[in-house]
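The next block holds one structure in the form of C-alpha cells; read it before the comments.
What follows is calculated from the coordinates using simple rules that are stated; it is not laboratory data. For clarity, every value in this text was computed on a predicted model and none was experimentally measured. Positions of Cβ are backbone-derived with ideal geometry, glycine not excepted, and every protein chain shown enters the neighbour counts.
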Amino acid sequence: MEPKFTVTFSEGVAKIELSGRLDATNAPLLQEELKKLIGQDVKRLVFFAKDLEYISSAGLRVIIFAKQKIGVDAQVYLVGAGENVLNVIKMSGLDNFMVITDSYSE
Amino acid sequence: MKKLVVPAKLENLDKASDFITRGGKSLGFDEKKLSQIKLAAEEVIVNIINYAYPKGEGEIEISYSQRDDGAFKIEIIDRGIPFDPLSLPDPDVGASLEERKIGGLGIYLVRRVMDEMNYKREDGKNVLTLVKNP
C-alpha cells in the first residue's frame, strides 16, 4: 500500500503529514517511521490532518506512542482536522492534551 | 440477512468493514452514522484478527440485518479463544498522553459510537452483536 504520510524533522519540530486514513492497515508503518526520531530533541510534534478522512484507535495509539517515546516534553499539535477525525479524538479524550488548530505557523 | 465469511487476516479488513458499511448505507444511514459504523466495524474486526487465533488461522463471519424498529444489527462471529470485549474496563480517557495505557481504546470507541453491544459465547464461538439506531 502507498504510504499516506510523510515525516520531516528539523530544528526540534517533527511534522507529520497525514492523508486518507490512519488505521490498523497503515498505523504500524507510521509508527516505524516515527521510531527514527527517538533520541532526537523533539520539541513539537505537529500532525497535519487536513486531508485525513478517517482515524481509528490504531491511529490514536500512534499519536500516544509519539508523545510517550519521542517527545515526552514535546507539545503535540493537530492541524486542520475535519469533523470525523476530531470526533474520534474527542471521544478518546486526547483533545485535552494537544493543541487543536485550523492552521499552523512556525 | 446478508453474510460474509473471510479469513481473519489484516488484508481482509477493508473487505469486511466495507461489507458492513455498505449494509448501513443500503438502509439509508447518513454519512456521520456510517463513519461511526465503519469505526466500530474496524475496531471489532481488528481485535479478532490480532487476538482470536493465536495458534493459527481462522475465520470471521459477519452478517447484518435490519430490525423491526429500523435499527441496523450486525453480528460478528469468530471461533477463536473466548473473549468478552464487554469485560474490558474503560480506559481512563482523562489521563494525559504521558500516562496513557495502550489497550482498551478500540472497544471503548465501539461502545461510544454504537447504541448496543452484546456478547455471548456459544458453541465454541464468540458472538458479538452491534446495533446502530436509525
* Asked: Which whole-number value in Å³ per residue fits the convex hull of the alpha carbons of chain A?
  -> 87
* Could you give me the ³J(HN,Hα) list for the range B:18-27, computed from phi with Karplus coefficients 6.51, -1.76, 1.60 and θ = phi - 60°, whole Hz, x at Gly and Pro? -> 5, 4, 5, 5, 4, x, x, 5, 5, 8
* Asked: Under a point-charge model restricted to the Cβ atoms of Lys and Arg (+1) and Asp and Glu (-1), what is the dipole moment magnitude of the range A:17-97 relative to its Cα centre, in debye to the nearest 20?
  -> 240
* Asked: What list of ³J(HN,Hα) couplings, whole Hz, do you get for the range B:84-95 from phi and the Karplus terms 6.51, -1.76, 1.60, once you set θ to phi - 60° and write x for glycine and proline?
  -> 9, x, 6, 7, 6, x, 5, x, 7, 6, x, 6
* B:Arg67 versus B:Asp84, label points 7 Å from Cα toward the beta carbon: distance in nm? -> 2.0
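What's the Cα-based Rg to Rh of the range B:18-134, Rh via Kirkwood? Mind showing how you got there, number by number?
Numbers: Rg = 14.7 Å, Rh = 15.0 Å.
Taking Rh as the inverse mean 1/r over Cα pairs, Rg/Rh reads 0.98.
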* Asked: Dipole magnitude of the range B:2-132 about its Cα centre, charges +1 at Lys/Arg Cβ and -1 at Asp/Glu Cβ only, in debye to the nearest 20?
  -> 260
* Asked: Would you list B:Thr129, A:Thr25, A:Thr8 from fewest to most Cβ contacts within 10 Å?
  -> A:Thr8, B:Thr129, A:Thr25
* Which of B:Arg121, A:Arg61 comes first, and how do the rest follow, when ranked by fewest Cβ neighbours within 10 Å? -> B:Arg121, A:Arg61
* Kindly write out, for the range A:84-98 in residue order, the coupling ³J(HN,Hα) from the Karplus curve 6.51 cos²θ - 1.76 cosθ + 1.60 (θ = phi - 60°), rounded to whole Hz, with x marking Gly and Pro. => 4, 5, 4, 4, 5, 4, 6, 4, 7, x, 5, 4, 6, 10, 9
* Dividing the alpha-carbon Rg of the protein assembly as shown by 2.2 N^0.38 Å yields what? -> 1.04
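Starting with the fewest neighbours, write out B:Tyr64, A:Tyr77 ranked by other beta-carbon atoms found within 10 Å of each beta-carbon.
Working: B:Tyr64 23, A:Tyr77 19.
So the residues, fewest neighbours to most, are A:Tyr77, B:Tyr64.
Let me know the charge dipole size of the protein assembly as shown about its Cα centre in debye, to the nearest 20, where only the beta-carbon of Lys, Arg (+1) and Asp, Glu (-1) is charged. Working shown, then result.
Details: 33 positive and 37 negative charges, 56 e Å.
Computed about the Cα centre, the dipole is about 260 debye.
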* Asked: So what is the calculated 222 nm ellipticity per residue for chain B, using -39500 (n - 2.57) for each DSSP H run with n of 4 or more, over all residues, to the nearest 500 deg cm²/dmol?
  -> -10500 deg cm²/dmol
